[in-house]
Every structure is written in structure tokens, then in C-alpha cells.
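The values are calculated or read from the model by the stated rules, or taken from the named source; none is laboratory data. Since we're looking at a predicted model, the values are computed, not measured. Here the Cβ positions follow ideal geometry from the backbone for every residue, glycine too, while neighbour counts run over all protein chains shown.
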């Protein structure tokens with residue numbers, strides 16, 4: 001069992017499982033929180049995640065295949081997706097590639113939202129670019145089901161913030177490309193509403209000057 | 001004119017963002033010579049901005065005098081005046097800014113406007129020796145997880161509605177607790193929470209990297225009002241849930257940035273329970289855990305003076321005609337050339 005990612009919420013281990021290379025996602029107990037709260041958070045997230053990963057596939061968004069779920073131990077065994085994190089790729093490709101990648105990401109987010117799926121942690125660490133050009137969305141641990149405007153806005157607000165904090169060099173044009181891709185999936189009208197919602201969320205944040 | 005980086009160059013810092021009026025004298029090499037303060041205590045309810053501003057104006061002379069006396073220097077020894085320019089309550093900020101402008105003009109020294117959030121981070125770094133931390137800044141008005149990247153303190157997560165300290169304050173008032181001088185509501189809740197045993201299920205709201213406390217506040221008040229749970233148990237559960245949320249988001253930022261330190265700063269940093277939870281994640285990620293000392297945790301003039309010195313030494317000052325306050329000045333809008341990335 002090789003630890004490949006020590007996340008804040010869960011750790012990912014690379015394993016051999018029935019001759020397959022798999023990822024075991026373990027939600028280890030957090031020593032900082034009391035057992036009651038800890039168990040509640042871990043088991044809820046472990047049950048919830050495979051459900052929503054399946055729903056994402058129905059929406060036409062690539063996600064890892066789930067092989068096993070163990071709620072008592074709070075772990076999930078799933079496909080190991082070969083590829084690179086978008087976080088590592090985005091600042092190291094040509095402008096054209098970057099924009100088309102962002103548009104693709106936007107289209108996929110649009111598909112999720114069309115199907116009432118809110119990812120909940122849309123950072124570029126949670127998107128894997130495969131060698132055949134697909135973006136596989138991983139880590140649905142904080143996802144929720146909703147068709148409301150508010151969570152869609154919060155979802156994309158995080159995407160925007162990730163671009164501005166981690167990929168700040170080209171944040172503006174990258175975000176624009178994401179939203180263009182998003183509009184392709186959800187339609188211009190809905191995209192406009194969500195964009196307005198994102199602005200509203202930004203202003204709601206504390207101490208935001210009315211920019212533009 | 002000031003000579004840079006010298007022990008006999010002094011900055012006067014004025015803090016008046018919210019309920020505290022603070023004045024401090026700090027030397028250019030980072031020694032806090034005095035840190036005087038007078039807090040506005042509302043008879044009931046929260047801070048009334050105009051009343052707080054009136055309080056600040058009334059105590060300004062007393063607090064200024066105290067700052068000079070304790071530092072053992074004369075006004076003429078000051079070579080820089082720093083003031084909190086925002087974010088905060090407009091009337092309160094303007095009172096401090098007016099005093100700062102008057103002093104700078106009278107003494108004929110440069111003026112520098114400081115971002116309040118930067119002040120909390122920089123004083124935490126100065127006091128603990130942290131150089132490049134993930135910072136959890138929690139107070140009555142702010143809840144921000146940030147880290148320095150490319151010239152600025154970037155915000156990784158923050159509250160989507162009310163601040164952590166605000167949540168504790170409003171809860172405490174709603175359940176009929178009283179604050180005392182030297183024991184703010186947060187301390188009163190912490191005291192009661194230590195006696196709590198039974199965990200009451202309350203909403204845990206983390207959205208990506210952001211947090212929401214308003215639902216938790218409402219549910220906590222309702223849990224107490226239902227009569228089913230003791231106040232101690234509700235305080236205990238409120239703290240457990242809220243601080244677990246803060247710790248989860250801070251850990252996320254730490255895992256993402258892989259910074260070498262975790263810094264806890266702001267008024268709520270005084271909470272021992274929160275300190276102990278953050279210490280756990282810092283250790284797990286091989287980061288050093290730093291917590292701002294109690295005397296510099298809440299709003300104070302020293303943090304403004306120190307952040308002012310850092311800005312001034314990297315060539316930043318604020319001409320009087322540009323010294324208007326900015327009540328919505330976001331942390332990440334501040335260019336911070338004095339910080340080195342590594």
C-alpha cells in the first residue's frame with residue numbers, strides 16, 4: 001500500500017487489488033475532532049461519494065470506476081486514473097491548449113450542474129487530464145445534489161478562486177474560458193444567471209469592494 | 001527623518017477598526033515598547049458603530065498619553081505614524097484615521113495606512129518567528145485562511161456569512177451570557193464548553209474551502225432553547241463543530257500549499273481548544289504550530305505599527321490626501337513586497 005496523496009479530508013493509497021491497479025481512498029479518523037462527530041462526517045462522506053460519482057457518469061462526466069465501498073472502515077476502492085493533475089498542467093501548456101482545457105472543464109461542470117450535481121471542491125487538484133485528452137473529475141467527497149442557483153454559484157466561485165490563487169498568471173482568461181464552456185452545456189440564459197450569482201457571492205464575502 | 005531598521009526609530013500605530021481603540025509604540029527593529037488600549041463595551045447588544053466611534057474619540061487622548069508614557073518616549077521621537085485604514089466599521093476607522101493624520105501632520109512625519117488583516121498576520125509572524133505560514137485569522141469580524149503567494153496574502157478560504165467570533169458573541173448574548181472586562185464572550189463560552197460532556201448534533205458546513213456559521217449559530221441557539229440540553233453541552237458542541245470546520249479548512253490549505261508553519265492569529269486565537277486542534281494538524285503535516293501571544297491576539301495598535309513599519313521600509317507610505325478609510329479592503333488586494341515568498 002503506497003500513500004500517493006495525503007489530503008486534508010482523505011488519503012489516497014495505490015494498491016494492487018485482484019490484479020488491478022486501484023486507488024483506496026481512506027477517510028482516516030481525525031484526532032482533532034471528537035469521535036461522535038468524526039464518525040458521522042467520515043461515514044456520511046463515504047456513503048455519499050460513490051452515489052454521486054455514479055450520477056456524474058450518467059451526466060456524461062468522466063469519473064473513476066468504483067469497485068468496493070466499506071462504510072464501517074470509511075474506505076472506497078476505485079479505479080486508478082492514469083494522467084496528470086490539471087493543477088500541474090495548466091500553467092505549463094500553450095495558451096491555446098490552456099484555453100481549450102478550461103473550456104472542456106467548463107463544459108463538464110455544466111453537465112454536472114445540468115444533472116443536479118454540485119461537486120463541492122472544484123480545484124484543479126481534483127481534475128485529472130488523461131493522455132487521451134479527457135478530464136476525469138475526482139474527489140466528490142464534498143459534493144451535494146441540488147438544482148438551485150446558489151450552490152452552482154458557490155461551486156464555480158471556488159473554481160474561480162482556485163484560478164486566482166493557484167493559477168493567477170492567466171486567471172482572468174482561464175476563468176472566461178471555463179464560463180464559455182459552461183455556457184455551452186447549460187445554455188446562455190442559465191450561464192448568465194449563474195454568473196450573476198457568482199458576482200453576488202463575491203460581494204457577499206466580507207469586505208469586497210464593488211469592482212468594475 | 002527616520003533611519004531604516006534602527007532601534008531608536010519608532011512608529012506609532014493606531015488601531016480603531018471596531019470596538020477597540022489601541023495605540024502602540026513599536027521600534028523599527030520590532031520591539032513593542034507600549035501597547036495601550038481601551039475597549040468600547042456596549043450596554044446591550046453588539047457594537048453600535050457610531051457609539052463605538054464616539055468612545056474612541058473620547059478615550060483617544062488618554063490612550064495616546066498612556067502609549068507615550070509606557071514607552072518612555074516623547075511624541076517628537078516618533079518618525080512614522082501608522083493607522084488601520086480598513087477593513088472595519090466606517091465611523092470607527094475614521095476616528096483613528098483622523099487622529100493619525102493630525103499627528104503625522106503635526107509631527108511632520110510620514111503616514112502609512114495599514115490593512116487590519118495584514119496587521120494580524122504580521123504581528124503573529126513577528127511574535128512567533130513564523131516566516132511563511134498558512135494563517136488562520138479568526139476574530140469577531142473576520143475568518144480567513146490565507147498564505148503568501150506571489151506578492152500577496154492569498155485567501156484560500158473564508159466565511160461565506162458571519163465570522164467565527166461573531167457567531168460566538170451572538171450565541172452568547174442569545175442564551176443570556178454576560179461578558180466581563182477581560183473575559184469576552186468567547187472566553188465565557190470556552191469556560192462553559194470545558195464542562196460539557198454530551199455531544200449535540202449541529203450542522204457542520206464546509207463548502208470547498210469556505211465556511212458558513214449562520215446555520216450553526218441558529219441551530220445552537222435553538223438547541224439550548226429547546227430545553228433538552230444543558231448550556232454547557234451546547235457550548236461544548238458548538239465549539240467542537242465550529243473549530244472542527246476551521247481545522248478542516250486550515251488542514252486543506254496546508255495540504256495544498258505545503259507551507260512549513262501554521263499560524264493562528266486574531267481574537268479567537270486565545271481559545272485553548274482551537275489551539276489544541278490546530279496543533280494536531282500542524283504536527284501531522286510536519287509544520288510548526290505558531291500561535292499569537294494573548295496580549296497581541298485581539299485588535300491592538302502594535303500590529304498596526306509593525307505592519308506600518310514593514311510597508312514603510314519597502315517604500316510604501318500614504319499621503320494624507322489618499323488616506324481615506326476603506327471599509328471593505330480585502331486582504332488579497334494588498335501588495336506586500338516586504339514578504340519573501342520562501
key: Flag if residue B:168 is in contact with a helix residue (DSSP H, G or I) (Cβ under 7 Å, 6 or more places away or on another chain), in contact (Cβ under 8 Å) with a residue 24 or more places away in the chain and under 30 Å from residue B:333 (Cβ atoms)   = yes
task = Just name the residue that is nearest to residue A:164 (Cα to Cα) out of those in the stretch B:333-342 that are away from every other protein chain (no Cβ under 14 Å) and surrounded by 17 or more Cβ atoms within 10 Å (Cβ to Cβ).
result = B:336
query = Considering the stretch B:165-203 alone, what residues qualify as being surrounded by 20 or more Cβ atoms within 10 Å (Cβ to Cβ), within 12 Å of chain A (Cβ to nearest Cβ) and out of contact with any strand residue (DSSP E or B) (no Cβ under 9 Å at 6 or more places or on another chain)?
reply = B:193, B:196, B:200, B:202
inquiry  = So if I check each of A:99, A:142, A:104, which one is at pLDDT 95 or above, over 15 Å from residue A:194 (Cα atoms) and touching a strand residue (DSSP E or B) at 6+ places or on another chain (Cβ under 8 Å)?
reply    = A:104
query = Quick one: which helices (runs of 4 or more DSSP H) sit completely within the stretch A:1-120 and have at least 2 residues that are loosely packed, with under 14 Cβ neighbours inside 10 Å?
reply = A:35-58, A:95-114
message = Please pick out the residue among B:279, B:255, B:298, B:305 that is out of contact with any helix residue (DSSP H, G or I) (no Cβ under 8 Å at 6 or more places or on another chain) and buried (at least 24 other Cβ atoms within 10 Å of the Cβ).
response = B:305
query = With respect to residue A:185, is the statement that it is more than 30 Å from residue B:115 (Cβ to Cβ), buried (at least 19 other Cβ atoms within 10 Å of the Cβ) and touching a residue at least 40 places away in the same chain (Cβ under 8 Å) true?
reply = yes
ask   = How many of the residues making up the stretch B:221-252 are out of contact with any helix residue (DSSP H, G or I) (no Cβ under 9 Å at 6 or more places or on another chain), away from chain A (no Cβ under 14 Å) and assigned to a helix (DSSP H, G or I)?
value = 1
remark   = Across (1) within 13 Å of chain A (Cβ to nearest Cβ); (2) at pLDDT 95 or above; (3) assigned to a helix (DSSP H, G or I), residue B:286 clears everything bar (3)
key: The lone exception for residue A:165 - which of (1) more than 14 Å from chain B (Cβ to nearest Cβ); (2) buried (at least 21 other Cβ atoms within 10 Å of the Cβ) it fails   = (1)
remark   = Here the residues within the stretch B:314-332 that are more than 14 Å from chain A (Cβ to nearest Cβ) and surrounded by fewer than 16 Cβ atoms within 10 Å (Cβ to Cβ) are B:314, B:315, B:319, B:320, B:321, B:322
message = Taking the conditions exactly as written (at pLDDT below 95, under 28 Å from residue B:148 (Cβ atoms) and touching a helix residue (DSSP H, G or I) at 6+ places or on another chain (Cβ under 8 Å)), does residue A:156 satisfy them or not?
response = no
remark   = Taking the stretch B:98-128 and the residues there that are buried (at least 23 other Cβ atoms within 10 Å of the Cβ) and under 18 Å from residue B:64 (Cβ atoms), the one that is nearest to the chain's Cα centre (by Cα) would be B:114
